[in-house]
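Undergrad: Got a structure for you, questions after.
Please treat every number below as a calculation from the coordinates, not as lab data. No experiment lies behind these values; they were computed from the predicted model shown. Reconstructed Cβ throughout: ideal geometry from the backbone, glycine too, with neighbour counts over all protein chains shown.
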Amino acid sequence: MGVDRGGITGMKRQETLADHRQDLRRYSLRALVASVAVMAVLMLLFARLYFLQVVDHEHYATASRSNRLRLEVLPPVRGAIVDRHGELLAVNVPAFSLSLVPEEVDDLDELIASLGGLIDISDADIERFSQQRGRSQPFDAVVLRGHLSEEELAVLAVNSHRFQGIRLDAESVRSYPYGPLLAHLVGYVGRMSEKDLKQVNADRYRGTRFYGKSGIELVYESQLHGDNSFRIVERNARGREVRELQRGTPGAGELIQLTIDVGFQRAAVVALGDQAGAIVAMKPDNGAILALVSWPAFDPNLFVRGIGNDAYQGLLHDPLRPLFNRATRGQYPPGSTLKPFVGFAGIEEDIDVTSRIFCPGFFQLDGRERRYRCWKRWGHGSLDLVGAITQSCDVFFYNLAVSLGIDRMHHHLARFGFGARTGLELGRESVGLLPSSEWKQAALGEPWYLGETVISGIGQGYNSATVLQLARATAILAQRGKDVRPHLLLRTEESEKYAVQAPDATWDTIIEGMTAVVHGPKGTARKIGKGIDYQIAGKTGTAQVYQLSQDKDEKKNRGEVAKKLQDHALFIAFAPVENPQLVVAVIVENGGSGSGTAAPIARKLFDYYFANL
Amino acid sequence: MKYFRFDSLLLAILLMLITIGLIVSYSASGGDMAVVKGQLIRVGIGLFIMLAIAQVPSYFFYRLAPALFLFGLALLLAVELAGDVGKGAQRWLDLGVMRFQPSELSKLIVPLMVARYLSERAHPLPWRYIAGALLLIVLPVALILGQPDLGTALMVTASGLAVIFFAGISWRLMVGGAALGLALVPVAWHFMHDYQRRRVLTLLDPSSDPLGAGYHIIQSMIAIGSGGVWGKGWMNGTQAHLKFLPESSTDFIFAVFAEEFGLVGCGVLLTLYLALLLRGLQISATAGDSFGRLMAGAIVAIFFFYVVVNIGMVAGVLPVVGVPLPLISYGGSSLVTLLLGFGVLMAVRNDRKMWTK
C-alpha cells in the first residue's frame, strides 16, 4: 500500500501513464465481466418472459379471459332525511333487482328475450339498460329490471341456473313514507342519467344507481351520497360467487336533518284542503322553516321506480300543475299584503300618515278622469295609516304611493327582501319583481307612468312575489328589522344582522295596524280573531288575476267569474304580537278573498303551533 | 471542443425508450392524453437537464462530490423531520412548487461520492478504504430505510457496491463479501417491516395470498403471460384496462407493455436496454480518468439494477419493491434522476479526449 501511494505522489510522467494503462486494463476486464453479467441477466429475464408468454401462454390467456378475481363496487348507503324531531322523511328500503354482467353473457339479446319470457321486461327497461351499460365499467353488473316482486324474484331464482351472467341483487331503494306531503321539499331520486354523471366524480359514483333529481335530494346530493368501496370476489366461470376475498366498507351518506316539523306540515296541508296554494310557516327569530307546502303535489315514490310516460304526461298536463313548486317558484301579485311595507316606507320618508284621509271609494290623479277604485265600493270614510292597514283601504295607499313615488317605494320594499331571492337551500327559486322606473326603462324600454305608481301602492301592477319572500318580509317586520334567512337545514344560530333599521315608533304603528286586522272591530280578518287567547298581527290580500274592469259599467259579479279567473287569496301574519314565535304566509290560488279563505288557514296553523309545538 | 457536446448514440436509444414509455403510458392510463402531456413536460425537463449536465467537465463532479453528499444527507434528514407521508411511507419533500423524493437523488450522489473516495486508491483496494466506502454507503441507506423505502435503499446500496467492484476490489474479497451478505439475510429479515416480509414470502408462493401482496404478482403474471408472442395489441391489454392490474402506469407498467406487445415487444425493449447498458460500459472503459470510469460504471450499474429489479418484480421472480421501470414508468423523480445520470455519463465521454491526446 505504501509503495502504491509513493508511486502516485512521486510520479514521473512515464510511470503515471504506465500506471494509468495498468489501471485501464484492470478496469476494462471488470467492464467486460460486467458486460457479460448484464447480458446474462437480461437473457435470464428474457427466458422468464419466454416461459410466461410462450410456454405457459395458454394458461395465462385462459386466466386472463376468465379472470376470476373481480373488483366489485359496494355502493354507499344514502343518508336519510329526517325532520326536526328525527321523523324519517326519506328512507332506504331493500328491493331486488335483476342485473346482467354483459361481459359474461354470450348473446345478450337472446338472454334478455328469454328473461322476458319469465318476467315482464319493457322496452323502457331495455333502453335504460343500454344507457347504463354505456357508462359502466367492464364486469360491472348493469340493472335490467328493478323492483322485482316476490313472485318475479322466485321465478328468476328457480331458473337462474339456466342463465350465465345474471345477478339478483338486493339494492337499497329510496322510499318517501309521506308521499306527496313533502314532494316539493324533500324531492326525489331517480335512476342516474348520463347528464347526472357529468356533474360528479365518476369514480365516487361508480355503482351508484340513484341520483337526487329535485328538492333536498338534489341540493344535498353530495352529502347524502357517501363514498363507495370495493370488494374482491372470486367467481367461477359461470360468474357465480365462490368466495369473497376482501371487503371494503363504504362510507354511508350523511343524515340530513331538516327544520321541518312533519306533523305541522300535515296540519298545513289539511288546513289548505283540496285547494291549490302554498304555505310557508317559519320561525322569525332564526328563519327555520317548519312547514313548506305547495299543493297539489305528486307521489315522489313514482319517480324512484321510473315513472311511466303516460303517468308523467298526466302530471305534466294537469291544469293544477302538481309538479310546480308554488312555495318557491310561484310568483303572485302580493296585493294588499304589501300595504304594511308601503306604510313603513311612508313613515320612513316622513310623510304624514297620522292625519286622516277621506276615502270616497275611489281615487283620481289630479286632472285625470280615470278612477282607481277602492275595494269597498262606498268608501271607508276618513282614516289614518293604522286604520288603512286595518281596513285595507286602497285609496289611502293610492295617495301614499303617489306621495312616495315608485323609486322611494322600491328602495324601502327592497330592504324587506322583495325582488330578491331568499337564498333558501332548495334552489331554483323565483326572484319575483319589485318594479322601479329604472327597471322599467331597462326591461321594457319605456318610462314609468304615474298610474303605475298608484296601483303599485296596493301590490298590483308589475309587483310579484313568492310566498317565501312574503314570509321573509313578514319575519323581518316581526323581528323589527332583524334580518331573517329562511332555511331548511336544522341549525340554531340566530341572525344578529339588521335588514332594516327604524325607530320603535315606526314598527309600533305598522304592527298596531296589523294587530287590528285580526283583533280590531273593523279588521279585515276579524273573523279569525274570535275565541283566541293570543294575539296575531296579520294582513289580508286579494290579488287580482284577471283585470276586472274598474269602469262603472262593469256588470260582472265576482261570483260569475270562472274559478280560474278568481282572485288569489293571501294572508301574512305573525304571532304572538309581543314575542313573535311563528310567521305564516298563505296563498290560495283563485281562493277568492284573503279574509275569507287564506286567513282561516293561518289561524289553524297558529292554533296547531301553540297547542303542539 | 467548444461546441455543444452530447453522445448521439446514447441520446438516440434514450429517445426510443422514452417514446415507448409515452406510448405505453397512454394505453395504461386508459387513453388519457393529459397523462402523456404531463409526462412529456417531465421528459422535456429531464432532457434539458441531461444535455446541460453533459456540457460540464467531469472533474467538476469530482470537486462537487463531498458537498453534494452532505447536501443529500441533509435532505434525507429533512424528509425524516418534515417529510410528507405518501402511501404510508415518508418519502416526499414538499418544495412548494413540486414534491420531490430526496432518496431518489441519493442513487446518484452516493456512487458519486464513493467514486471520488476510491478514485485515487491503487489496486488492489486496501480493506480500510473498502470499509470507508461502505460507511459512505451505510449512512444514507440507513436514513432511507427509516422512511421506509426498501427498494431505494437496495438500489443505493447496489450502486455503491458497484463502484467498489469497478474500483478493483479483489475477487477473493468479493466472494467473501457476498457470503457475508447472505449470512446477514436473517438479520435484515428481523428489521423488515411486516409488509416487506409479506412481499418476500408471497414471492415464494404468490397463490398463498391471492388478494394481498400476491394479487399484484398474480395479476401481472397473467397480464404478461396472456400477451403471448405478438401481444394483444396497443390499447387492447385487458388486464390493465379492466383494472385488475394495480399501479399499471407506474411500477407495473412493464406488465401492460408485455401484455400489449408480447414477447416480440419485450425482446425489442430488452435489446434497447442492453444497447444502452453496453454503450454505457464502453464509455466508462474509455473514460479519461479513474473517477470518470467509476462514475460512469456506477451509472450503468444503477440503470441495470432498475431494469432487473423492476422487470424481475413484475415477472414474478423478485419481491415487490417500489422500483419504476426506467424511462418507461409514469412519474417524474426517477425519470429526471436517470436523465441526470446520463448527463453525467455524456460528460464523462466528452472528457475522454483529454487523455487520449
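Undergrad: A:LYS195: which aspartates and glutamates have alpha carbons under 19 Å from its alpha carbon, excluding same-chain residues fewer than 8 sequence positions away?
TA: Within reach: A:ASP125, A:GLU127, A:ASP203, A:GLU217, A:GLU221.
Undergrad: Return the calculated 222 nm mean residue ellipticity for chain A, to the nearest 500 deg cm²/dmol, obtained by summing -39500 (n - 2.57) across DSSP H runs with n ≥ 4 and dividing by the residue count.
TA: -11000 deg cm²/dmol
Undergrad: When the gyration tensor of the protein assembly as shown is built from Cα positions, what are the square roots of 5 times its three eigenvalues, in whole Å, from largest to smallest?
TA: 83, 36, 23
Undergrad: Next up: Just subtract the alpha-carbon distance of A:ASP120 and A:GLU254 from 0.36 nm times their residue separation and send over the number in nm, one decimal.
TA: Stretched fully, the A:ASP120-A:GLU254 segment lengthens by 44.7 nm.
Undergrad: For region A:383-437, what is the relative contact order in percent, using Cα pairs closer than 8 Å and at least 6 residues apart in sequence?
TA: 28
Undergrad: Hey, another quick one. Among the listed pairs A:LYS283/A:LYS539; A:LYS283/A:LYS530; A:LYS198/B:LYS232; A:LYS283/A:LYS497, give every one whose C-alpha distance is greater than 26 Å.
TA: Distance filter (> 26 Å) returns A:LYS198/B:LYS232.
Undergrad: First select every other residue whose beta carbon is under 12 angstrom from the beta carbon of B:ILE169; then total the charges, Lys and Arg +1, Asp and Glu -1.
TA: +4
Undergrad: Spelling out what I want: for every residue of region B:323-334, take phi, set θ = phi - 60°, compute 6.51 cos²θ - 1.76 cosθ + 1.60 (Karplus), and round to whole Hz; glycine and proline get x.
TA: Using θ = phi - 60°, the values come out as 10, x, 7, x, 6, 10, 4, 6, x, x, 3, 6 Hz.
Undergrad: Take A:LYS376, A:LYS198, A:LYS283, A:LYS339 and order them by how many other Cβ atoms sit within 10 Å, fewest up front.
TA: A:LYS198, A:LYS376, A:LYS283, A:LYS339
Undergrad: OK, next. Can you sort A:VAL270, A:VAL431 from fewest to most other Cβ atoms within 10 Å of each residue's own Cβ?
TA: A:VAL270, A:VAL431
Undergrad: Tell me the Kirkwood radius of region A:109-151: reciprocal of the mean inverse pair distance over distinct alpha-carbon atoms, in Å.
TA: Mean inverse Cα-Cα distance, inverted, gives 11.2 Å.
Undergrad: Then there's this: Calculate the length of the line joining the C-alpha centroid of region A:251-277 to that of region A:305-343, in whole Å.
TA: First find each Cα centre; the distance between them is then 17 Å.
Undergrad: Okay, moving on. How shielded is B:278-291 by partner chains, expressed as the average number of their Cβ atoms within 10 Å of its Cβ atoms?
TA: 3
Undergrad: Further, regarding this structure: Using only the alpha-carbon atoms of region A:244-298 as identical scatterers, what base-10 log of I(q)/I(0) does the Debye formula give at q = 0.17, 0.28 Å⁻¹?
TA: -0.63, -1.09
Undergrad: In addition: By a straight-distance test (C-alpha under 14 Å), which aspartates and glutamates pair with A:LYS604 as possible cross-link partners, with residues fewer than eight away in the same chain excluded?
TA: Once the sequence-local aspartates and glutamates are set aside, what remains near A:LYS604 is A:ASP533.
Undergrad: Here is a follow-up. Please enumerate, by chain and number, the aspartates and glutamates with C-alpha under 18 Å from the C-alpha of A:LYS376, excluding those fewer than 8 residues away in the same chain.
TA: Of all the aspartates and glutamates, those that pass the test against A:LYS376 - Cα under 18 Å, at least 8 places apart if same chain - are A:ASP384, A:ASP394, A:ASP551, A:ASP553, A:GLU554, A:ASP567.
Undergrad: A further question follows. Report the Stokes-Einstein translational diffusion coefficient (µm² s⁻¹, integer) for region A:45-131, Rh taken as the Kirkwood radius over Cα pairs, at 4 °C with viscosity 1.567 mPa s.
TA: For these conditions, the coefficient is 71 µm²/s.
Undergrad: Sort A:GLU87, A:GLU589, B:GLU120 by Cβ crowding within 10 Å, fewest neighbours at the top.
TA: Ascending number of Cβ neighbours within 10 Å: B:GLU120, A:GLU87, A:GLU589.
Undergrad: If you don't mind, another one. If you average the sequence gap of Cα pairs under 8 Å that are 6 or more apart and divide by the length of region A:262-612, what percent do you get for the contact order?
TA: Relative contact order of region A:262-612: 22 percent.
Undergrad: Report the Rg/Rh value for region A:262-612, based on alpha-carbon coordinates and the Kirkwood definition of Rh.
TA: Rg/Rh: 0.96.
Undergrad: At a threshold of 8 angstrom on Cα-Cα distance, excluding pairs fewer than six apart, so keeping six or more, what relative contact order does chain A reach in percent?
TA: Contact order relative to length: 13 percent.
Undergrad: To the nearest 0.05, how large is the calculated FRET efficiency for A:HIS147 and A:ASP366 if R₀ is 56 Å and r is the Cβ-Cβ distance?
TA: According to the calculation, E is roughly 0.20.
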